[in-house]
Structure formats: C-alpha cells, structure tokens
Amino acid sequence: MSHAAAKAPKREVFNSRNYFILAAIGSAVGLGNIWRFPYVAYSEGGGAFIVPYLVALLSAGIPLLFFEYAIGHRYRGSSPMALRRLGGWTEALGWWQVLVCFVIAIYYAAIVAWAAMYTWFSLSQAWGDDPTSFLYGEFLQIADATTIGFDFVPQLVLPMVAVWVIILIVISLGVNKGLAFANLLFMPLLLLMFLLLVGQSLFLPGAMDGLNALFTPDWSSLGDPSVWAAAYGQIFFSLSVGFGIMITYASYLKRRTDLTGSGLVVGFSNSSFELLAGIGVFAALGFMAQAAGVGINDVAAGGLGLAFVAFPSLISEAPLGTLMGVAFFGSLVMAGLTSMISITEVVIAGVRDKLGLSKPVAVAIVGIPMAVISTTLLATTTGLYFLDITDHFVNRFGILAGAFALIIAVAWIVRKLPQLQHHLDRFSSFPAGKVWMWVMGLLVPVVLGYILYSEISDNVREPYGGGDYSLATLGLFGWGMSGALIVAAILLTLLPSRNKKMEEFDETHNEHEIAARAEGVTQ
C-alpha cells in the first residue's frame with residue numbers, strides 16, 4: 001500500500017434509527033409507486049393481483065431488504081467497499097451498482113424537473129385543451145428523428161440545474177444535516193399532498209367506477225406465470241433493492257440497530273403507499289372516463305403518459321383542478337427528490353470510499369460532472385428518447401442482472417449467507433433464521449433468473465420501441481450501455497484504492513467487535 005494513500009474521514013452515522021427508516025422509505029417511495037403500481041395492478045388481475053403482490057413482498061422483497069441491510073451494516077461501507085470486504089473480487093458488483101445509479105440519476109433529474117414545472121403549470125393549466133401536443137411540442141420540443149442529439153431546449157435547463165443544486169447541497173451536508181433533514185421535510189409534505197389528492201379524487205363523480213375497475217379481481221389471472229413475475233418485478237423495483245442504496249444507507253447505522261424490524265417497517269410502508277397511490281389514481285381515472293364517456297380501459301395508463309398527459313386532462317375537467325394539479329405534481333417532486341438523493345448518494349459514497357475523500361470534495365468532483373452530463377443529454381430535443389431507452393435497459397439489464405449476479409456470488413460462490421444470517425440474528429428484534437437463508441439462496445435467485453430470462457427473450461425477439469428506434473441507437477444507448485456498465489465496473493475495481501480503510505479490513509477483528517456490540521459492550 002502506497003504511503004500516498006489517504007486516511008479516510010470517519011464514517012458518518014445516523015443519529016437515530018428513525019432517521020434511517022425515514023430515509024429508506026424516502027428512497028423506496030418514488031415515482032414508480034405513483035405511476036407504475038396502479039397500472040400494473042389493474043392490468044395484471046385487478047384485486048387478484050394483491051395475492052401475488054403480498055407473496056412477492058414477503059418471500060422476496062423483505063428478504064432482499066434484510067440481505068442488503070446485513071451487508072451494509074456488517075461491512076460498514078458503500079456498495080463497492082462493503083462487497084470488497086465481503087469477498088474481494090465482488091467489489092466489481094458494487095461498482096456495477098454504483099454505475100447503475102449513475103445512469104439512473106442522469107435521467108431521473110429530468111423527470112423531477114418536469115414535475116416541478118408542471119406543478120407551476122397547474123396554476124394556469126398551461127397545457128390548454130391538448131396536453132399531448134403541449135408536452136411533446138411546446139414543452140419538450142421533441143425532435144422528429146429518434147436519435148440522440150444536442151439541440152438544447154432553454155426552458156428545460158433551469159429546472160434541471162435547480163434540481164441538481166438541491167440534490168448536491170443536501171448530500172454535501174452529510175447524513176444527518178442533509179439526508180435525514182431532507183427526508184424529515186419532504187416525506188411529510190409528500191404524504192400530506194398525496195392524502196389531499198386521494199381525498200379529492202374519492203369525491204369526484206365516477207370515482208367508484210375507477211376503484212371497481214382496479215379492485216375487481218380476475219381470479220383466473222393467478223394461474224398465469226407472467227402475473228406472478230409482474231408482482232415480483234414490481235416489488236423488486238419499488239423497494240430500492242439491487243442497486244446499492246440500502247447497502248449504503250445501512251452502513252450509516254449504529255452497531256446496535258434492529259435490522260429486521262427496520263426492514264419490515266420500510267417494506268410495509270412502501271407497499272401501503274403503493275396501495276394509496278392506486279386508490280388515488282384510479283378514483284381520478286374513473287372521473288376522467290365518465291367525463292369523456294369512455295371505459296376505464298381507454299384512459300388507464302402508466303408512466304409518463306399517466307403523469308403528463310392523462311392527469312393534465314383530468315385537472316382541466318375536475319372541480320378544484322388547480323389544487324389537484326399542485327397536489328399531484330408536487331407529490332411527484334417530493335417522491336422524486338427523496339429517491340434521487342439516495343441514488344446520487346450511492347455514487348458519491350462509492351467514489352468517496354475508494355479515494356478517501358471528504359464529503360464536500362466528493363460531491364464536487366462527482367456530483368458536478370453528473371449534473372453537467374445530465375443537463376447536456378436531457379435538456380435537449382432528444383432527451384426523452386435517451387430517457388426512454390436508458391430507463392428500459394438499465395432497469396432490466398442493470399439492476400435486475402446486477403442483483404441476480406450479486407445474490408449468486410454471495411450465496412453460492414463466496415458463501416457468506418450464513419455469516420449474514422448470523423449477523424441479522426444478532427442485531428434484530430426477531431431472528432431471520434435458516435428460512436431466510438434458504439429463501440435468499442434458492443427462491444430469490446430462481447425468481448430473478450426467470451424474470452431476467454423473460455426480459456432478455458422479449459427484447460431479443462422484438463426490439464424495444466416496436467421499431468421506433470433504429471438498431472444502432474438501441475445498440476449504443478441500450479445494449480451497449482448495459483455492457484459498458486460491466487466493463488467499467490471491472491476497470492474501477494482494478495483502480496488502486498487511496499483509502500487505507502478499504503484495504504485494511506480484518507474479518508476476524510470485525511467479528512469480535514460485532515459480538516461485543518451485540519452484547520452491549522462499548523469498545
């Protein structure tokens with residue numbers, strides 16, 4: 001180890017377990033809870049979808065939370081550092097997760113910025129009578145050619161810069177003054193605005209038709225494997241597992257912390273918010289369908305179509321539509337900010353641990369270039385195309401494949417599940433037990449492997465976008481980006497560390513310290 005190696009600053013610690021829980025919920029409750037879950041539930045069996053959804057939550061979602069908590073808490077580091085300490089070469093899987101977060105943060109900032117602008121637009125209903133033309137024409141000024149270019153849209157630059165300034169200031173302030181305080185501020189605001197939205201939606205004409213459409217069960221769907229795969233996929237993507245967030249956050253926990261109890265609170269809080277989102281969204285869509293004289297199926301949508309086309313149309317028709325618009329888009333902003341803080345923290349923490357940097361320096365050398373890249377790519381007439389392609393591929397072949405590889409590596413190659421199970425049992429209100437270890441070693445890899453295989457098969461059989469994108473564009477920003485993540489992760493692993501603490505980790509000493517902490521002895 002070179003004498004030039006830096007002495008890393010002391011690791012930050014959440015002042016309270018409640019701060020960690022709130023930050024973890026803030027990360028888990030994101031845009032996907034609001035605009036993805038309602039449509040997935042509706043299209044995959046309605047009320048019957050709750051059965052596979054709960055099974056997926058209990059059999060995979062919560063065990064995955066325990067898995068990442070145990071790694072972060074035991075090995076005390078960002079994803080690359082913790083995994084290096086766990087298994088040496090597995091550091092590459094940690095960098096894979098960091099790079100996934102890098103890509104997501106680049107485009108996630110744009111969605112948060114658009115939601116902020118639409119919060120403002122709601123005051124005057126600036127989209128007029130044609131929300132579709134307003135979004136793609138006047139606001140985003142989408143280019144006709146589905147390639148990636150650099151023609152800037154000036155009105156998109158300022159809100160994106162503002163989002164990045166907020167994110168980087170919060171992270172630079174540290175775990176307690178930054179992350180914890182931001183979630184203490186944003187999460188109650190999110191809940192308040194969304195309760196306002198739900199309350200208003202439930203009293204709209206046609207609201208019950210929307211709820212009936214959502215919750216009427218199609219029990220025959222339970223025999224369809226794709227419905228079960230959709231349930232596991234929804235749980236997996238909505239809990240912020242698989243891309244290093246929970247490993248990083250758990251590394252900031254005090255030694256004597258209830259890990260499994262925290263995981264249950266986070267898991268069920270996230271699912272409760274998703275259910276609340278389903279109620280609010282489909283009550284509103286029921287009104288929209290009645291007003292247009294069409295069926296729910298004609299207005300039901302997910303993703304950007306729901307947020308920036310369907311809801312503006314609804315707001316223009318609904319009583320007190322301005323209030324509904326501010327509540328809905330304000331909720332998207334709050335949910336987006338808390339999730340983006342956690343995503344960006346993973347990237348900055350990974351680089352900080354590798355190079356032994358202070359938090360402000362790490363934010364400057366990592367966060368500012370991220371903001372520049374994000375604005376350069378997304379505040380353009382082709383930004384939506386970049387977002388659409390990268391979001392699809394990074395979720396399927398970044399998060400999903402990375403999580404599958406990590407579980408296989410930990411369970412079957414370095415064989416550290418017994419140690420992680422033992423760690424959970426020491427620091428929890430109830431033991432994870434052998435059942436957890438078998439679930440993580442067998443059930444979760446099988447489920448993730450099946451979903452991953454299905455996604456690869458679908459994308460090979462029919463190129464993403466149904467022919468809207470050229471094979472060259474998909475190859476570069478889709479498959480090429482996915483492959484580049486793996487190559488870059490390996491190169492970052494080979495890069496010499498300048499942090500002595502990353503190199504000097506004694507598993508035996510750590511085990512003794514853990515035992516002492518578990519017994520309440522201060523070292």
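Some points to look at:
- Estimated 222 nm signal from helices in the chain, with DSSP H stretches of n ≥ 4 weighted -39500 (n - 2.57), rounded to 500: -20500 deg cm²/dmol
- The distance separating the Cα centre of segment 78-100 from that of segment 345-372 comes to 16 Å.
- Residues 103, 165 ordered from highest to lowest accessible area at a 1.4 Å probe: 165, 103.
- Net charge of the neighbourhood of residue 313, taken over other residues with C-beta under 14 Å away and scored Lys/Arg +1, Asp/Glu -1, is -4.
- Carbon + sulfur, % of accessible area of segment 195-265 - ligands and nucleic acids excluded, 1.4 Å: 68 percent
- Ranking 35, 25, 59 by Cα position along the charge dipole of segment 1-97, where only Lys, Arg, Asp and Glu carry charges on their C-beta atoms, puts 25 farthest toward the positive end.
- Between 0 and 90 degrees, the angle of helix 154-172 with respect to the longest Cα principal axis of the chain falls at about 30 degrees.
- Inter-part distance, segment 225-300 to segment 188-219, computed on C-alpha centroids, equals 15 Å.
- Model label points for residue 219 and residue 316, set 7 angstrom from Cα along the Cα-to-Cβ axis, are 4.3 nm apart.
- Solvent-accessible ranking of 448, 320, 264, largest area first, probe 1.4 Å: 320, 264, 448
- Folded to 0 to 90 degrees: helix 62-75 orientation relative to the chain principal axis, Cα: 40 degrees
- Checking the cross-link pairs 416/500; 354/416; 177/416; 434/500 against a 32 Å limit on the alpha carbon distance flags 177/416; 434/500 as lying beyond it.
- Packing around the peptides 132-138, 404-410, taken as the average count of other Cβ atoms within 10 Å per residue, puts them in this order, highest first: 404-410, 132-138.
- Whole-Å distance, taken between Cα centres, linking segment 392-455 and segment 311-329: 42 Å
- Per residue, the accessible area of segment 367-495 comes to 44 Å² when a 1.4 Å probe rolls over the protein heavy atoms.
- Accessible area (Å², per residue) of segment 291-362, counting only protein heavy atoms and a probe of 1.4 Å: 26 Å²
- With a cut-off of 20 Å on the backbone N, the residues of segment 369-383 near the modelled label site 7 Å out from residue 144 along Cα-Cβ are 380-383.
- Based on C-alpha pairs under 8 angstrom that are at least 6 apart in sequence, segment 80-152 has a relative contact order of 13 percent.
- Ranked order, 486, 50, 247 - accessible area, probe 1.4 Å, largest first: 486, 50, 247
- Against the rule of thumb 2.2 N^0.38 Å, how large the Cα Rg of segment 33-150 comes out: 1.55
The values are calculated or read from the model by the stated rules, or taken from the named source; none is laboratory data. Predicted, not measured: the structure shown is a model, and the values here were computed from it. Please note: Cβ atoms are built from the backbone with ideal geometry, for glycine as well, and neighbour counts cover all protein chains shown. What goes into the accessible areas is simple: the full protein's heavy atoms, side chains included, and nothing from ligands, DNA or RNA. Shrake-Rupley method; radii C 1.70, N 1.55, O 1.52, S 1.80 Å.
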